[in-house]
Amino acid sequence: MANTNLPRRIIKETQRLLSEPAPGISASPSEENMRYFNVLILGPTQSPYEGGVFKLELFLTEEYPMAAPKTSSAFPSHRFVFSQKYTTLTLIRQAATAYFLLGRICLDILKDKWSPALQIRTVLLSIQALLSAPNPDDPLSETIAKHWKTNETEAVETAKEWTRLYASGV
């Protein structure tokens with residue numbers, strides 16, 4: 001990781017991510033671009049996503065740490081959408097039905113709650129926490145939120161099934 005063009009902060013954060021990985025999270029920088037990270041997040045135990053492996057991409061812009069990292073899911077044939085508080089994964093197969101949702105991760109610290117005091121590790125832990133705290137009152141998808149509110153048991157089963165089908169052994 002000898003890239004002298006990187007700010008010292010990014011080098012230090014990357015070294016910590018590699019030497020002290022957060023439980024259930026693997027983040028490694030690309031050899032071609034040390035600002036681009038390949039991330040794997042394990043579904044939390046006792047959640048509908050247990051046993052799942054969720055592949056994400058994280059990119060640090062030139063403005064980092066004054067600006068939040070950019071993140072997205074990284075599935076070629078389907079995308080998982082996270083909502084800030086409502087975390088049932090939304091499987092989107094056709095861009096035509098919900099193009100604006102594809103690959104989006106809705107998290108307040110990646111938008112209006114970002115602070116330069118936050119770190120890459122904080123972002124990744126926050127994304128992992130989204131999988132443990134469903135709340136349909138702040139959804140990215142109104143349809144899924146309605147499903148959660150009207151039949152939580154079925155919504156949880158759907159999340160478990162999608163995890164089994166699409167996030168096992170990414």
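Observations on the structure shown:
- Calculated FRET efficiency, Ser30 to Ile109, Cβ-Cβ distance, R0 = 22 Å: about 0.45 to the nearest 0.05.
- Cross-link table Lys113/Lys149; Lys55/Lys146; Lys70/Lys111; Lys70/Lys149, entries beyond 21 Å C-alpha to C-alpha: Lys113/Lys149; Lys55/Lys146; Lys70/Lys149
- Assigned charges on the beta-carbon of Lys, Arg, Asp, Glu; the range 4-69 dipole about Cα centre (debye): 200 debye
Read-outs: derived from the displayed coordinates by stated rules, not from any lab. Every value quoted in this text rests on a predicted model; they were computed, and no experiment measured them. Every residue, glycine as well, gets a Cβ built from its backbone with ideal geometry; the counts of neighbours run over all protein chains shown.
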